[in-house]
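Asker: Handing you this structure, nothing more for now.
The numbers here are math on the coordinates, done by the rules we state, and not lab data. Source: prediction; values computed, not measured. Here the Cβ is made from the backbone with ideal geometry for all residues, glycine too, and neighbour counts use every protein chain on show.
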Amino acid sequence: MTNLTLNVNGQNHQVSVNSPEMPLLWVLRDLIGLTGTKYGCGIEVCGACTVLVNGRPEKSCDINASSAVGKKITTIEGLSADRSHPAQKAWIANQVPQCGYCQSGMLMATAGALNAGRHGAAIASEIKNICVCGTYQRIKQAVAGL
Ligand code: FES
Ligand code: FES
């Protein structure tokens, strides 16, 4: 076992992992209990597992837990305390989700694009996440005002 300290949503978490190469996604969900971040493909394609690492969107299925040590990780649970992040407000106003499975990844990708200074259509063209329910039109509407 390897002991690691990860800073997630502003709090340090001590975790023991079987391997330092354990994906960050499994650490977040199985060891820390933050299940808002979803597993979709596991091969860096769907974006359901997107979190922010030092403010940038990253696919947590493709990050080794050990490489996240010393970085600030933000999950959907830490995006805001009260759904007041601009992306969350836009999602609610536009009633974006259907089943919801992909939506935390969509929101984190949008938050990362905002952090990078993107707005409106530039956000929509940057997000490559997959939504099996096909909420792409409503996502476009939601980000249009950001
Ligand atoms: S689960 Fe990570 S990109 Fe699909
Ligand atoms: S809302 Fe169902 S997969 Fe996107």
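Asker: If you add up the charges near TRP26, with Lys and Arg at +1 and Asp and Glu at -1, over every other residue whose beta carbon is less than 14 angstrom from its beta carbon, what do you get?
Answerer: Numbers: positive: ARG29, LYS38, LYS59; negative: GLU21, ASP30, ASP62.
Neighbour charge sum, excluding TRP26 itself: 0.
Asker: By how many nm would the segment from ALA121 to CYS99 grow when fully extended, if each residue of separation counts as 0.36 nm and the alpha-carbon distance is taken off? Show your work: numbers first, answer last.
Answerer: On the way: separation 22, 0.36 × 22 = 7.92 nm, distance 2.39 nm.
Taking 0.36 nm per residue and subtracting the Cα distance, the gain is 5.5 nm.
Asker: Quick one: pull the percentage of alpha-carbon pairs in segment 86-144 with a separation above 12 Å. Working shown, then result.
Answerer: Numbers: 1040 of 1711 pairs.
Result: 61 percent of Cα pairs exceed 12 Å.
Asker: Find the relative contact order for segment 28-146 and round it to a whole percent, using C-alpha pairs within less than 8 Å whose residues are 6+ positions apart.
Answerer: Numbers: 186 pairs, mean separation 34.4, N = 119.
Relative contact order here is 29 percent.
Asker: Sticking with this structure for a sec: All other residues with a Cβ under 13 Å from the Cβ of ALA144 taken together, and with Lys, Arg as +1 and Asp, Glu as -1, what is their net charge?
Answerer: That sum, taken over residues with Cβ under 13 Å, equals +3.
Asker: Tell me, Kirkwood radius of the chain from alpha-carbon pair distances, in Å? Spell out each step's value before the answer.
Answerer: Values: mean 1/r = 0.0656 Å⁻¹.
Its Kirkwood hydrodynamic radius stands at 15.3 Å.
Asker: What FRET efficiency, computed as 1/(1 + (r/R0)^6) with R0 = 22 Å and r the Cβ-Cβ distance, is obtained for ILE92 and SER19, rounded to the nearest 0.05?
Answerer: On the way: r = 39 Å, r/R0 = 1.78.
FRET efficiency, ILE92 to SER19: 0.05.
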